[in-house]
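The values are calculated or read from the model by the stated rules, or taken from the named source; none is laboratory data. Just so we're clear, the structure is a prediction, and the values are computed from it rather than from any experiment. Virtual Cβ from ideal backbone geometry, glycine too; neighbours counted across all protein chains shown. Note: accessible area is taken over every heavy atom of the protein model, side chains too, but ligands, DNA and RNA are not part of it. Shrake-Rupley method; radii C 1.70, N 1.55, O 1.52, S 1.80 Å.
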Amino acid sequence: MSLSIRFVEPRAPGNNLYDHVLLPRLGLPLMATMLAECGHDTGVFCEMLGPIDLGECLAADLVGISATTATQPAGYALADELSAAGVAVVLGGSHVSFRVEEALEHAPYVVRGEGQQTILELVDALERGAPLDRIAGLSWRDGQEKAHHNPARTRCSQTEFERLPIPDLSLIEGHKRLEVKPAMTQWGCPFDCEFCSVTAQFSRVVRHRRTDQVLAELAGLSANELFFYDDNFVVNKRRTAELLRAMVGAGLTPKFSAQMRADTVLRSRASHEIDHEFLELLGQAGCRMAMVGFESISEENLASIGKRTSVAVSEQAVRAFHKHGIAVHGMFVVGLDFDDASSAQATAAFARRLGIDTFQLMMVTPAPGTRLWERLQSEGRLIEADWTLFDGHHAVLRPERMTPLELQLSTLDAMRRFYTRSA
């Protein structure tokens, strides 16, 4: 017997920077693909691409909802509506992984951490009417509404990661609207920045696709433009260079953008010598934009959050990328402990002086599960409980050296000034 399973990625209410980028996250298409390979009827609704078909969800045997912290209230609202109609709902994603009791108020099943194997076992158990207590990584409510938290699931190994299928984007309703195609070559990040939820969710152990697997995915996408979802595209430069050379050799060089650290431009983090050979290869393979998490122009801030880089390296990075014809999207946060009311404007001025092509300035926003969240909570500095405001556009904490209002207003004004060239 096969089940009808629908997955939903909700969007946040109101205006949000991320709504202007039509890029669905890949976790749900991956799970839908895996379950389809098991014979189930699957589909994915990504609300930024099109409306959720409530009728399909109400007719499904199981609906999986994955959200970020800011979109979680929308996910909870949908879960409440479906649960009231008698539809089984499972919640997943980084937010509910660290707010399990909260999530169980809205759905009977919560998948914690890396969920691809957990969802397979949950669907199998529901299909057979089997017990749920042996499914690692699952939290659930029984018939008496008692909560159960099964042991955590061991993270996906390198071998298991290589066995994962290519996500079938055609399972996403509205997939034909995708002008930029998403792909991902690895999970995890070896760094340990205080604010980052990536390591909390995927660990510091990096698992990667083989080069031949990535080439097969790119060939199937037939993309003119591509975005690599890797949180850090260049973890192992030797492996990345192998992939880039293979892309060039296979003629699979769509224009692409990728997230990478500023010190990617260096031959090594111990050296300040620019790695021109790698940057040339990056450009040859199609890289048109490096999306760089500079975070701050304060050395004290960079040290305090564990970024393990410097402002001097940030400056080198912009110049080096530009020298090789690669645009820079600079990602910064303001509101860290060494920032004051002048920091947002200083950051915008820094970006303009270096000629950063596009500028993203967010207010520091702690995510549940991160060390930053734990610290600020223990210090009593969180001032908001409305998850919809945890999107980087709103002040949700009490900064060390300014008021929340100063943080909010200065950030908005700095963004306005950056994009008003006469200002």
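Of the residues that sit in the range 122-167 and are among the polar types (S, T, N, Q) and part of a loop (DSSP other than H, G, I, E, B), which one is nearest to GLY64 (Cα to Cα)?
Filtering the range 122-167 for residues among the polar types (S, T, N, Q) gives 139, 144, 150, 154, 157-159.
Filter once more, keeping what is part of a loop (DSSP other than H, G, I, E, B): 144, 150, 154, 157.
Details: GLN144: 22, ASN150: 19, THR154: 21, SER157: 24 Å.
Going through the qualifying residues, I end up with ASN150.
Of the residues THR154, THR159, THR118, which single one is open to solvent by less than 20 Å² (accessible area, probe 1.4 Å) and without any contact (Cβ under 8 Å) to a residue 60 or more places away in the chain?
On the way: THR154 fails: open to solvent by less than 20 Å² (accessible area, probe 1.4 Å); THR159 fails: open to solvent by less than 20 Å² (accessible area, probe 1.4 Å).
None of the others qualify; the one that does is THR118.
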Residues GLY75, GLY92: which one is surrounded by 23 or more Cβ atoms within 10 Å (Cβ to Cβ) and farther than 24 Å from ARG134 by Cα?
GLY75
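Would you mind stating whether PHE418 is touching a strand residue (DSSP E or B) at 6+ places or on another chain (Cβ under 6 Å), open to solvent by less than 70 Å² (accessible area, probe 1.4 Å), of a type outside the set (Gly, Ala, Ser) and in contact (Cβ under 8 Å) with a residue 24 or more places away in the chain?
Numbers: touching a strand residue (DSSP E or B) at 6+ places or on another chain (Cβ under 6 Å): yes; open to solvent by less than 70 Å² (accessible area, probe 1.4 Å): yes; of a type outside the set (Gly, Ala, Ser): yes; in contact (Cβ under 8 Å) with a residue 24 or more places away in the chain: yes.
In short, yes.
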For the range 82-99, pairs from a residue that is under 19 Å from ALA125 (Cα atoms) to a residue that is open to solvent by 10 Å² or more (accessible area, probe 1.4 Å) and in a helix (DSSP H, G or I), with Cβ under 8 Å and 6 or more apart or across chains, are VAL87/LEU58; ALA88/LEU126; VAL89/SER83; GLY92/GLY27
Is it the case that the range 35-43 has a residue that's touching a helix residue (DSSP H, G or I) at 6+ places or on another chain (Cβ under 7 Å), farther than 18 Å from LEU126 by Cβ and either open to solvent by 50 Å² or more (accessible area, probe 1.4 Å) or not acidic (Asp, Glu) (or both)?
no
Among GLU121, GLU160, the single one that is more than 19 Å from PHE202 (Cβ to Cβ), within 28 Å of the chain's Cα centre (by Cα) and charged (D, E, K, R) is GLU121
Going through the range 97-114 in order, the residues found to be in contact with a Gly (Cβ under 8 Å, 6 or more places away or on another chain), outside any loop (DSSP other than H, G, I, E, B) and open to solvent by 40 Å² or more (accessible area, probe 1.4 Å) are PHE98
Just checking, which of ASP391, ASP413, ASP386 is out of contact with any helix residue (DSSP H, G or I) (no Cβ under 6 Å at 6 or more places or on another chain) and open to solvent by less than 40 Å² (accessible area, probe 1.4 Å)?
ASP391
All-but-one check, PHE359 against (1) without any contact (Cβ under 8 Å) to a residue 24 or more places away in the chain; (2) of a type outside the set (Lys, Arg); (3) in contact with a strand residue (DSSP E or B) (Cβ under 7 Å, 6 or more places away or on another chain), failing number (1)
Answer residue from the range 351-371, given it is open to solvent by 20 Å² or more (accessible area, probe 1.4 Å) and of a type in the set (Ser, Thr, Tyr) and is nearest to ARG401 (Cα to Cα) among those
THR365
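This table checks each residue for (1) among the basic types (Lys, Arg); (2) in a helix (DSSP H, G or I).
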| site | (1), (2) |
| --- | --- |
| LEU376 | no, yes |
| ALA385 | no, no |
| PRO399 | no, no |
| GLN408 | no, yes |
| THR411 | no, yes |
| ALA414 | no, yes |
| ARG417 | yes, yes |
Within the range 205-258, can you find the residues that are among the aromatic types (Phe, Trp, Tyr) and touching a residue at least 60 places away in the same chain (Cβ under 8 Å)?
PHE227, TYR229
Flag for ALA200 being within 23 Å of SER94 (Cβ to Cβ), part of a helix (DSSP H, G or I), in contact (Cβ under 8 Å) with a residue 40 or more places away in the chain and open to solvent by 30 Å² or more (accessible area, probe 1.4 Å)
yes
Restricting to the range 19-73, count the residues that are among the aliphatic types (A, V, I, L, M) and in a helix (DSSP H, G or I).
10
